[in-house]
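The values are calculated or read from the model by the stated rules, or taken from the named source; none is laboratory data. Predicted, not measured: the structure shown is a model, and the values here were computed from it. As a convention, Cβ positions derive from the backbone with ideal geometry for all residues, glycine included, and neighbour counts pool all protein chains shown.
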Amino acid sequence: MAGDVFAPPAPSRSPDRRSRAGRRGGLRRRRSRLRRRSQPPADEAVLCRALHDALPRSVAGQERRDPEPASELTAGWGDAAIVLRCGVPRPERMSDPQAQGIEVDGVGWMLEEREEGPRFTTTYRRTYVEVTLDRRYLHDASPLTDLAGPVAEAVPSAL
């Protein structure tokens with residue numbers, strides 16, 4: 001789960017070859033768990049595939065150019081001007097009662113203002129969808145108007 005904290009293995013009193021190998025094995029197991037957690041649960045992945053198929057060819061005048069490596073969990077428009085990720089973990093900021101939000105065509109979005117451009121994450125949906133915009137959209141959420149319809153269609157409300 002997001003927010004899990006993994007402590008490094010305790011140092012061994014006798015640094016023999018077997019104890020170091022054991023620690024490395026433990027680290028590999030933890031890394032493996034982290035990789036598995038980077039994928040959304042299966043029921044959310046199904047929603048992300050449906051969203052991927054419903055996304056438009058262009059957003060805010062930017063043509064679709066998906067990021068590499070190709071994945072049904074990501075989509076992009078322009079030269080990384082607009083990037084969508086589906087099935088992301090719940091942002092910590094969502095627990096902040098002072099978090100800013102907007103609604104676009106029936107889809108709620110939480111705003112995170114960042115120096116490199118805003119990031120929006122859906123609220124009250126069965127999986128979280130994140131849209132990052134570059135500096136061109138520092139004060140412009142208009143790309144969300146092209147994305148709200150497909151999100152509403154493919155990712156049901158959690159309420």
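Residues in segment 72-100 that are exposed (fewer than 14 other Cβ atoms within 10 Å of the Cβ) and over 23 Å from GLN39 (Cα atoms): 5 in all. Among the residues of segment 60-71, just one is of a type in the set (D, E, K, R) and buried (at least 16 other Cβ atoms within 10 Å of the Cβ), namely ASP66. Of all positions in segment 8-28, none carries a residue that is under 23 Å from the mean Cα position of the chain (by Cα), surrounded by 11 or more Cβ atoms within 10 Å (Cβ to Cβ) and at pLDDT below 95.
For segment 126-153, what are the residues that are touching a strand residue (DSSP E or B) at 6+ places or on another chain (Cβ under 7 Å), closer than 12 Å to GLY106 by Cα and not hydrophobic (A, V, I, L, M, F, W, C)?
Matches in segment 126-153: THR145 only.
Within segment 127-139, residues that are closer than 14 Å to GLY87 by Cα and part of a strand (DSSP E or B) sit with their Cβ atoms under 9 Å from residues that are modelled with pLDDT of 95 or more and among the polar types (S, T, N, Q), at 6+ positions apart or across chains, in these pairs: TYR128/THR121; TYR128/THR122; VAL129/THR121; VAL129/THR122; GLU130/THR121; GLU130/THR122; VAL131/THR121; VAL131/THR122. Of all residues in segment 64-101, those satisfying the criterion of being out of contact with any Pro (no Cβ under 8 Å at 6 or more places or on another chain) and among the hydroxyl-bearing types (Ser, Thr, Tyr) are SER71, SER95.
Each residue in segment 63-83 was checked for being on the phi < 0 side of the Ramachandran plot and assigned to a loop (DSSP other than H, G, I, E, B), and 11 of them qualify.
Regarding segment 56-70, can at least one residue be identified that is modelled with pLDDT of 95 or more and within 21 Å of PRO156 (Cβ to Cβ)? Checked segment 56-70: at least one residue is modelled with pLDDT of 95 or more and within 21 Å of PRO156 (Cβ to Cβ). For segment 84-111, the set of residues classified as part of a strand (DSSP E or B) and in contact (Cβ under 8 Å) with a residue 24 or more places away in the chain consists of LEU84, ARG85, CYS86, GLY87, VAL88, ILE102, VAL104, VAL107, TRP109, LEU111, listed by residue number. Only residues that are farther than 18 Å from ALA45 by Cα and among the β-branched types (Val, Ile, Thr): list them for segment 60-99, please. The answer is ILE82, and nothing else. Restricting attention to segment 46-62, the residues being part of a loop (DSSP other than H, G, I, E, B) and touching a helix residue (DSSP H, G or I) at 6+ places or on another chain (Cβ under 9 Å) number 3.
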